[in-house]
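**Student:** Have a look at the structure that comes next, please.
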There are 2 protein chains.
Amino acid sequence: MCGVARPLDAIGDWWSLLIIRDAFNGLRRFGEFQKNLGLAKNILSARLRNLVAHGIMDIEPASDGSPYQEYVLTEKGRGLFPLLVALRQWGEDFFFEPDEKHVLLVDRKVGMPVRKLELRSQDGRVLGPEDTVVTWPPETGDLEA
Amino acid sequence: MCGVARPLDAIGDWWSLLIIRDAFNGLRRFGEFQKNLGLAKNILSARLRNLVAHGIMDIEPASDGSPYQEYVLTEKGRGLFPLLVALRQWGEDFFFEPDEKHVLLVDRKVGMPVRKLELRSQDGRVLGPEDTVVTWPPETGDLEA
DNA sequence: CTGCTGTGGTTGCATATTGAAACCACGAAA
DNA sequence: TTTCGTGGTTTCAATATGCAACCACAGCAG
């Protein structure tokens, strides 16, 4: 239960992941987020406040010297990159018709689409859901169990 | 915009990912989900209906021969495994104190924790957010552009 | 047979959240 | 000075969630 529910408390609403997605794309200002997402300002304000409270975003002075503030991802926020990629790739696989155009995530350096995320074992095998189990770590004294 | 928002329409509420998490853990019956998650039955019913409508889950006759039905993940639903893993690993990294016990995702075969998800380029380099960009695929006739 | 329990919902209504739109305060530019 | 841009806050209607009661059916026990 605790493995997933805590993180969901921080980002488990519709708008927060979109805000985070936009932050990864370089948006920083309240008005930028609001314009790009088209959500109500009071909801955006509440969401940004929640993301700041959870340490996913910080508020910094505006980078252009103006008296405004900007919202930037923290390390914790940037840690959501794999999740956003997973969401994007799931969408690519299952939400578009084969011929339907949609944005792609590409490697800047060579302009090629990136690989699909794969879960791997410590020794490099690709793992599916049936290959894994959620379990409690052994007690410290049980290292030989 | 379209890369992430469509999938979020299907699973971007607090309960759906928890339901899907439980489905990955083998729960199948309405009552099992309801008991394990403790959510209101009308909300569970609505969520399951939404997941079925989006093709993420199917309803099958109960596997024990009883006259009941079970909810099982479809291929599309199972495609959410990386996302759930990403969420879990983000939680492990940022939501627990260093000494705090929490469940782990382990490789059944050898009992070892799995690797962290990493995004990689086609040629195998590990990629961070700054190494990637979301872009539209070239037009079919622009293959040399 | 009746009554009870278990299952999978549905319904009615209170509470919480979201969303639209108006309003506000401040700074900068014309 | 006025206007515009920015980043909110406030008010209230609409929508979603949650609680608890209710319902229908199947199966089992007495």
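**Student:** How shielded is A:121-128 by partner chains, expressed as the average number of their Cβ atoms within 10 Å of its Cβ atoms?
**Tutor:** Mean partner-chain Cβ count within 10 Å for A:121-128: 5.
**Student:** Output, in nm with one decimal and in ascending order, the distances from the A:SER45 label point to the matching label points of the other copies (7 Å from Cα along Cα-to-Cβ).
**Tutor:** 3.8
**Student:** Rank these for me by crowding, B:SER66, A:SER45, going from fewest to most other beta carbons within 10 Å.
**Tutor:** Lowest count first: B:SER66, A:SER45.
**Student:** With an 8 Å cut-off on Cα pairs and a minimum separation of 6 or more residues, tell me the relative contact order of segment A:1-80 in percent.
**Tutor:** Reported as a whole number, the value is 28 percent.
**Student:** If you take every residue apart from A:SER121 with its C-beta less than 15 Å away from the C-beta of A:SER121, what net charge results, scoring Lys and Arg +1 and Asp and Glu -1?
**Tutor:** Cβ neighbours under 15 Å give a net charge of 0.
**Student:** Can you give the charge dipole size of chain B about its Cα centre, rounded to the nearest 20 debye, using +1 on the beta carbon of Lys and Arg and -1 on the beta carbon of Asp and Glu? Intermediate results must be reported in sequence, preceding the final value.
**Tutor:** Numbers: 18 positive and 22 negative charges, 142 e Å.
Dipole magnitude for chain B comes out near 680 debye.
**Student:** Another question, then. Given H placed on each backbone N at 1.01 Å, which residues far from B:TYR68 in sequence or on other chains put an amide H within less than 5 Å of it?
**Tutor:** When sequence neighbours closer than 5 places are left aside, the close amide H contacts are B:ALA62.
**Student:** Okay, moving on. Per-residue Cβ counts within 10 Å, from other chains only, averaged over A:11-23: what number is that?
**Tutor:** Average neighbour count from other chains, rounded to a whole number: 4.
**Student:** Given A:LYS76/A:LYS116; A:LYS41/A:LYS101; A:LYS35/A:LYS101; A:LYS41/B:LYS41, which pairs have Cα atoms separated by over 29 Å?
**Tutor:** From A:LYS76/A:LYS116; A:LYS41/A:LYS101; A:LYS35/A:LYS101; A:LYS41/B:LYS41, over 29 Å: A:LYS41/A:LYS101; A:LYS41/B:LYS41.
**Student:** Counting other beta carbons within 10 Å of each Cβ, put A:ASP123, B:ASP9 in order, fewest first.
**Tutor:** Values: A:ASP123 10, B:ASP9 13.
Fewest to most other Cβ atoms nearby, the residues stand as A:ASP123, B:ASP9.
**Student:** One decimal, nm, shortest first: give the distances between the label point of B:ARG29 and those of the same position in the other copies, each label point 7 Å from Cα along Cα→Cβ.
**Tutor:** 5.8
**Student:** With an 8 Å Cα cut-off and a minimum separation of 6 or more residues, compute the relative contact order for chain B in percent. Mind dumping the intermediate values first?
**Tutor:** Details: 96 pairs, mean separation 20.6, N = 145.
Relative contact order here is 14 percent.
**Student:** While we're on this one: Using a 10 angstrom cutoff on alpha carbons, build the Gaussian network for chain A and name the most mobile of A:LEU44, A:LEU127, A:LEU87.
**Tutor:** Looking only at A:LEU44, A:LEU127, A:LEU87, the biggest GNM fluctuation is shown by A:LEU127.
**Student:** State the answer as a single residue: which of A:SER16, A:VAL52, A:PHE30 lies farthest towards the positive end of the charge dipole of segment A:2-78, with beta carbon charges of +1 for Lys and Arg and -1 for Asp and Glu, about the Cα centre.
**Tutor:** My answer, from the dipole projection, is A:SER16.
**Student:** Which net charge results for the neighbourhood of B:ILE43, defined as the other residues with beta-carbon distances under 11 angstrom from its beta-carbon, given Lys and Arg at +1 and Asp and Glu at -1?
**Tutor:** Values: positive: B:LYS41, B:ARG47, B:ARG49; negative: B:ASP13.
Local charge sum for B:ILE43: +2.
**Student:** When a/c reaches 1.5 or more, the comparison of a/b and b/c decides; with that in mind, is the protein assembly as shown rounded, prolate or oblate per its Cα gyration tensor?
**Tutor:** Note, shape of the protein assembly as shown comes out rounded.
**Student:** Could you give the Stokes-Einstein D for segment A:2-78 in µm² per second, using the C-alpha Kirkwood radius, 20 °C, 1.002 mPa s?
**Tutor:** Working: Rh = 12.7 Å.
My calculation gives 169 µm²/s for D.
**Student:** Restricting things to alpha carbons, find the Rg to Rh ratio for chain B using the Kirkwood radius for Rh.
**Tutor:** 1.04
Rule-based calculations on the coordinates, nothing more; no lab input. The structure presented is a predicted model; accordingly, all values stated were derived computationally and were not measured. All Cβ positions, glycine included, derive from the backbone under ideal geometry; neighbour counts span all protein chains shown.
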